[in-house]
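A.B. asks: My structure is below; once you've seen it, I'll send some questions.
The values are calculated or read from the model by the stated rules, or taken from the named source; none is laboratory data. None of these values were measured; they are calculated from a predicted model. Using ideal geometry, Cβ is built from the backbone for each residue, glycine included, and neighbour counts are taken over all protein chains shown. For accessibility, only protein heavy atoms count, side chains too; no ligands or nucleic acids. Shrake-Rupley method; radii C 1.70, N 1.55, O 1.52, S 1.80 Å.
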Amino acid sequence: MYSSWHNSEFDVTELNILFTCAGRRNYLINYFKEALNHRGKTIAVDTLPSAPALMDADIGIVVPNINDPNYIDTLKLIVKNYHVKAIISLNDLELPLLSKFKNEIETLGVKVLVSNENIIETSCDKWKTYKYFKKLQIDTPLTYLSMSGALEAIDQKVLQFPLILKPRWGSSSIGVEIVENVEELRICFEFLKIRLQKSILNDINSKDIDNSILIQEKINGEEYGIDILNDFNGKYYSSFVRKKLAMRSGETDQAISVIDEKFSQLGKKIGTSTMHLGNMDCDFFVANEKIYFLEMNPRFGGGYPFSHEAGIHTPDIYIAWLQGFKDVSKYDNYIPNLTFSKCDRLISNSRMEKTSIQVFDKEKLNLF
């Protein structure tokens, strides 16, 4: 079913791009394939051989888990074998690891399209994100790290039910709960600690399990997503907004494109301050004529296809920037009031036999 791991003789002039933790992000693989237009290969890696994105990529490779001690060396081997020019991570749980080893990996001549460790740490830690927005004087829901602090705010009528409980270090809406009273708050707070220790979030939350749950004000309003795009030097380029019409499993399922100067100004404020690299996906609410930002995800998010279909072709922009071009205006034709909906498609596992999916071989690590 799989081809063996081998040292492929790829054209060194090709713009080969490696997508890590590729999972179900087929749309992004295909957007980049279209943008590359046969000028390079898309290489997708995942721990599961049946990961859908591996089927659509030019090359699919099964690799160890991100917590495996061989993971970074595996990526370095892939970079060397396939003359990879850029690495794009599609999972926020991997970002701290890639950011930590970014300089080491880039000695191989590849561009790791991940922001610096400080902004990755801030974005992954929702408590630090909250404090970061407060520092920027950007409205954000009231958030508490301790039960005592939340109960005191409730007693003082500063904080009112319903409230949201969420992991401090979380992903994909895992462990998010809504509580309606103090009794539910107490029970759910302790229960979430137990749930976290049994979830994929255990590794990142176990380091401070007693301070791993946030208690947050629930904002009732219209929900939006925004892609804040910086260039590869951290300079702000532009922002692209969508109003969420429906959600599914923590991701946008239906949305309409929006152009609003108030939103764009806040996007610019965040992008200029963070100096993040590439795309950043953020969520915000509009309620009582105020704009409340919730989170920062310095990567392509599940809402990106809505921006892309509305006219901002970020993969083309990435490729242009990688080639040293500065004028990318021809890829920026964002149009408001366009509505799109996601739908599922099936990929037969029989396609694996026709796709170049390779299995990681630890013996090849002796190349380093």
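A.B. asks: Once the dipole of the chain is set up with Lys and Arg at +1 and Asp and Glu at -1 on Cβ about the Cα centre, which of ILE29, ILE357, HIS276 lies farthest towards its positive end?
C.D. replies: HIS276
A.B. asks: Quick check on region 16-112: take the gyration tensor over C-alpha atoms, sort the square-rooted eigenvalues as a ≥ b ≥ c, and tell me if it's rounded (a/c under 1.5), prolate or oblate.
C.D. replies: Judged from the Cα gyration tensor, region 16-112 comes out oblate (a/c at least 1.5, b/c at or above a/b).
A.B. asks: Can you compute the charge dipole magnitude of the chain about its Cα centre, using +1 on each Lys and Arg Cβ and -1 on each Asp and Glu Cβ, nothing else charged? Give it in debye, rounded to the nearest 20.
C.D. replies: 340
A.B. asks: In addition: Quick one: helix 182-197 against the long Cα principal axis of the chain, what's the angle to the nearest 10°, folded into 0 to 90?
C.D. replies: 20
A.B. asks: Based only on the alpha carbon positions, what is the Kirkwood hydrodynamic radius of the chain, in angstrom?
C.D. replies: 21.7
A.B. asks: Rounded to the nearest 5, what % of DSSP beta bridges with both residues in the chain are antiparallel?
C.D. replies: Counting only bridges with both partners in the chain, antiparallel ones make up about 70 percent.
A.B. asks: Setting aside same-chain residues fewer than 8 positions from LYS76, which aspartates and glutamates have a Cα under 12 Å from its Cα?
C.D. replies: GLU104, GLU106
A.B. asks: Please report how far the C-alpha centroid of region 77-113 lies from that of region 286-333, rounded to the nearest whole angstrom.
C.D. replies: 21
A.B. asks: Now, a different point. Once neighbouring chains are kept in place and the probe is 1.4 Å, which whole percent of the accessible area of the chain is contributed by carbon and sulfur?
C.D. replies: Exposed carbon and sulfur together represent 48 percent of the surface.
A.B. asks: Quickly estimate the mean residue ellipticity at 222 nm for the chain, helices only: each DSSP H run with n ≥ 4 gives -39500 (n - 2.57), and the total goes over all residues, rounded to 500.
C.D. replies: Computed ellipticity for the chain at 222 nm equals -9000 deg cm²/dmol.
A.B. asks: Here is a further query. Measuring with a 1.4 Å probe in the full set of protein chains, what accessible area per residue, in whole Å², belongs to region 34-170?
C.D. replies: It amounts to 40 Å² per residue over region 34-170.
A.B. asks: Could you work out the relative contact order of the chain? I mean the mean sequence separation of Cα pairs under 8 Å and 6+ apart, divided by the number of residues, in percent.
C.D. replies: It rounds to 19 percent for the chain.
A.B. asks: Kindly flag which residue pairs out of LYS193/LYS269; LYS41/LYS131; LYS131/LYS262; LYS126/LYS235; LYS193/LYS218; LYS41/LYS330 have an alpha-carbon separation exceeding 30 Å in this structure.
C.D. replies: LYS193/LYS269; LYS41/LYS131
A.B. asks: Right, next: Could you tell me which residue out of VAL286, TYR82, LEU98 lies farthest along the dipole of the chain toward its positive end? Charges go on the beta carbon: Lys and Arg +1, Asp and Glu -1, centred on the Cα centre.
C.D. replies: Final value for the positive-end residue is TYR82.
A.B. asks: Among 63-73, 117-127, how do they line up from the highest to the lowest mean number of other beta-carbon atoms within 10 Å?
C.D. replies: 117-127, 63-73
A.B. asks: Something else about it: Would you look at the GNM of the chain, springs on alpha carbons closer than 10 Å, and say which of MET147, MET296, MET280 moves the most?
C.D. replies: Comparing MET147, MET296, MET280 in the GNM, the peak value goes to MET147.
A.B. asks: Mind putting a number on the dipole of region 201-333 about its Cα centre? Charges go on the C-beta only, +1 for Lys and Arg and -1 for Asp and Glu, and I need it in Debye to the nearest 20.
C.D. replies: Using Cβ point charges on Lys, Arg, Asp and Glu, region 201-333 gives about 280 debye.
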